[in-house]
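Note sheet for the following structure.
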Amino acid sequence: MEALKACYGDGSSDSDSESAPSIPTAAPSEVFTPLPPPPVSLLDPPKFLGILHYFQVGQTTRVRSFPHVDGNYALHVYIPIYISSPKKELVAFLKKVSSQEPSLNVVDVDVPLNILCNNDEKLEQVVLGREFHISLGRTVPIRVHQIDSMVSMLRQKLQTQHQYWINFNKWEVFVNDDHTRTFVSLEVVQGGLVEIKKQIEAVNTIYRLHNLPEFYEDPRPHISIAWALGDISHSLKKVINEEMKCSFGKSLKFIFSCKFKGIECKIGNKTYTICKISDGQ
């Protein structure tokens, strides 16, 4: 078993299951004393990568989406997303929202959003300068003997993908299934939506063959930027809607767009490339 853990990683350490709405969350198995966030000055490169580990280890508000069982590994299938531009507009929007809702934290990094708002450069770097994920399936536990067939079937089913544009049109608020976390997210409501839904259905087919729960019946592809404890969706939606009106008006112009460049699958701590699209395709 130790050899298998070394090969695939321990699913209990995977943060993907907690960065977006997922299956109902079990009670935490351990209780820790929260650590205060380090000063913003520590986020200067090249210290930034090291300090991310500090944040993730020190943060105690995470709740496991499913109990850890020896021999189980967290499975997450997703489209990697990077925000290129216009980051300045996104920074301004997040600063306004954070001033109205100070309980927000940065997804994955788990540092309070408001401590970054005094420095636009650090806010842009820490909040927006990383990889985001559009989930194509629920984050669920799988057994060791399912790993090879899962990866093989995903590659067979999704290997013929073509490049397309993904437009993030809308700021939206999501809540996880057991209402323990609320998320500020960017949703895909037009460009790329049809293609992503087809990919979700392909992943659903493979999940069914492995007796795994399928994705939500009416999927709403998105990336999550910030989160808060509990269900504060009512108040947060008011803040988001007001800022959307001020910043973008009633038009459905996209907030940012990027090219679809592939699909990845993370199992435990190991990442598999399912398909990769070159710029020429």
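Could we say that Glu242 is assigned to a helix (DSSP H, G or I), out of contact with any Asp or Glu (no Cβ under 8 Å at 6 or more places or on another chain), under 22 Å from Thr160 (Cα atoms) and open to solvent by 20 Å² or more (accessible area, probe 1.4 Å) here?
Taking the combined requirement at face value, the residue does not satisfy it.
Give all pairs with beta carbons closer than 6 Å in which a residue from segment 194-214 that is in contact (Cβ under 8 Å) with a residue 40 or more places away in the chain and small (Gly, Ala, Ser) meets a residue that is surrounded by 14 or more Cβ atoms within 10 Å (Cβ to Cβ) and in a helix (DSSP H, G or I); count only pairs at least 6 apart in sequence or on separate chains.
Filtered contacts from segment 194-214: Ala202/Lys157; Ala202/Leu158.
Any chance you could count how many residues in segment 90-131 are in contact with a Gly (Cβ under 9 Å, 6 or more places away or on another chain), at negative phi and acidic (Asp, Glu)? Show your work before the answer.
Step one: filter segment 90-131 for residues in contact with a Gly (Cβ under 9 Å, 6 or more places away or on another chain), giving 103, 110.
Pick out the ones that are also at negative phi and you get 103.
Narrowing the set further to residues that are acidic (Asp, Glu) leaves none.
Looking only at that region, the number is 0.
Considering (1) modelled with pLDDT under 85; (2) in contact with a strand residue (DSSP E or B) (Cβ under 7 Å, 6 or more places away or on another chain), say which one Val127 fails and leave the rest.
Every listed condition holds for Val127 apart from (1).
If you take the residues in segment 76-91 that are assigned to a helix (DSSP H, G or I) and not aliphatic (A, V, I, L, M), which one is least open to solvent (accessible area, probe 1.4 Å)?
Within segment 76-91, the first condition is being assigned to a helix (DSSP H, G or I), and the residues that meet it are 87-91.
Going one step further and asking which of them are not aliphatic (A, V, I, L, M), we end up with 87-89.
Details: Lys87: 43, Lys88: 144, Glu89: 93 Å².
Filtering segment 76-91 for residues that are assigned to a helix (DSSP H, G or I) and not aliphatic (A, V, I, L, M), the one least open to solvent (accessible area, probe 1.4 Å) comes out as Lys87.
Please specify each residue of segment 154-181 satisfying the condition of being buried (at least 16 other Cβ atoms within 10 Å of the Cβ) and over 21 Å from Tyr216 (Cβ atoms).
Within segment 154-181, just Gln161 meets the criteria.
Within segment 92-136, count every residue that is over 23 Å from Glu264 (Cα atoms), touching a Phe, Trp or Tyr at 6+ places or on another chain (Cβ under 8 Å) and open to solvent by 40 Å² or more (accessible area, probe 1.4 Å).
Adding up the residues that qualify gives 1.
Looking at segment 92-126, which of its residues are part of a loop (DSSP other than H, G, I, E, B) and either more than 21 Å from Ile255 (Cα to Cα) or touching a residue at least 60 places away in the same chain (Cβ under 8 Å) (or both)? Outline the logic, then answer.
Just the residues of segment 92-126 that are part of a loop (DSSP other than H, G, I, E, B), to begin with: 101-104, 107-111, 117-119.
Scanning segment 92-126 gives Glu101, Pro102, Ser103, Leu104, Val107, Asp108, Val109, Asp110, Val111, Asn118, Asn119.
Quick one: would you say Asn204 is outside any helix (DSSP H, G or I) and more than 16 Å from the chain's Cα centre (by Cα)?
Working: outside any helix (DSSP H, G or I): no; more than 16 Å from the chain's Cα centre (by Cα): yes.
No, not satisfied.
Could you say which residue among Ile166, Ile147, Ile196, Ile134 is outside any helix (DSSP H, G or I), among the β-branched types (Val, Ile, Thr) and touching a Leu at 6+ places or on another chain (Cβ under 9 Å)?
The unique qualifying residue is Ile166.
Does any residue in segment 127-153 that is hydroxyl-bearing (Ser, Thr, Tyr) come within less than 7 Å, Cβ to Cβ, of a residue that is outside any strand (DSSP E or B) six or more places away or on a different chain, and which pairs are these?
Ser135/Ala20; Thr139/Asp16; Thr139/Ser17; Thr139/Ser22; Thr139/Ser65
So which of Ile200, Ile206, Ile223, Ile240 is out of contact with any strand residue (DSSP E or B) (no Cβ under 8 Å at 6 or more places or on another chain) and under 24 Å from Val107 (Cα atoms)? Break it down stepwise before answering.
Working: Ile206 fails: under 24 Å from Val107 (Cα atoms); Ile223 fails: out of contact with any strand residue (DSSP E or B) (no Cβ under 8 Å at 6 or more places or on another chain); Ile240 fails: out of contact with any strand residue (DSSP E or B) (no Cβ under 8 Å at 6 or more places or on another chain).
Exactly one of Ile200, Ile206, Ile223, Ile240 is out of contact with any strand residue (DSSP E or B) (no Cβ under 8 Å at 6 or more places or on another chain) and under 24 Å from Val107 (Cα atoms), namely Ile200.
Looking only at segment 208-260, which residues are of a type in the set (Asp, Glu) and either at pLDDT below 95 or within 30 Å of Lys276 (Cβ to Cβ) (or both)? Give the steps one after another, and end with the answer.
The initial filter retains those residues of segment 208-260 that are of a type in the set (Asp, Glu), namely 214, 217-218, 231, 242-243.
Across segment 208-260, the qualifying residues are Glu214, Glu217, Asp218, Glu242, Glu243.
The values are calculated or read from the model by the stated rules, or taken from the named source; none is laboratory data. It should be emphasised that the depicted structure is a prediction, and the values quoted were computed from it without experimental measurement. Using ideal geometry, Cβ is built from the backbone for each residue, glycine included, and neighbour counts are taken over all protein chains shown. Side chains included, ligands, DNA and RNA excluded: accessible areas come from the protein's heavy atoms. Shrake-Rupley method; radii C 1.70, N 1.55, O 1.52, S 1.80 Å.
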